[in-house]
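Right, one structure below, let's go through it.
The values are calculated or read from the model by the stated rules, or taken from the named source; none is laboratory data. All figures in this text were calculated on a predicted structure; none of them were measured in a lab. Cβ: placed from backbone, ideal geometry, glycine included. Neighbour counts: every protein chain shown.
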Amino acid sequence: MLEILVEFDRSTHSIGALREAAYRIIREASCQIDAVGDRYLCRLTPKQAPVSAGTEDLREHFLDLVTDEILREKVAAETSGVRDVILALAFGALATQQEDARA
């Protein structure tokens, strides 16, 4: 069985990003993630036997998904304060409307 091994440094890649990327590639490959020392080892097993060029394509696609998930985490962390304020204002306005409707 063909297996594609992709390694990541645990200090620069979160397990959450790897899990999200594994989920997003689930139609194309299964992904087993193991923590070994200071590395994460991701073993991709294609659902269909790819030709040799397809193996590199699948690896690159997984790397792209991991990069995308890391960026999503970064944006979420940087905007969490603004998001919390927006939610507080939205729910505060909703609560005020419900109180006005009861009166």
Discussion item. Suppose we filter segment 25-44 for residues that are loosely packed, with under 13 Cβ neighbours inside 10 Å and either of a type in the set (D, E, K, R) or touching a residue at least 40 places away in the same chain (Cβ under 8 Å) (or both); how many remain?
Written reply: 3
Discussion item. Against the conditions (1) surrounded by fewer than 16 Cβ atoms within 10 Å (Cβ to Cβ); (2) touching a residue at least 24 places away in the same chain (Cβ under 8 Å); (3) more than 14 Å from the chain's Cα centre (by Cα); (4) in a helix (DSSP H, G or I), where does GLU73 fall short? Just the number, please.
Written reply: (3)
Worksheet item: Out of all the residues in segment 76-103, which are surrounded by 10 or more Cβ atoms within 10 Å (Cβ to Cβ) and under 30 Å from ALA29 (Cα atoms)?
Response: ALA76
Response to the item:
Counting only residues that are modelled with pLDDT under 95, outside any helix (DSSP H, G or I) and out of contact with any Lys or Arg (no Cβ under 9 Å at 6 or more places or on another chain), segment 37-53 contains a total of 6
Worksheet item: So ALA22 fits all but one of (1) without any contact (Cβ under 8 Å) to a residue 12 or more places away in the chain; (2) assigned to a helix (DSSP H, G or I); what number is the exception?
Response: (1)
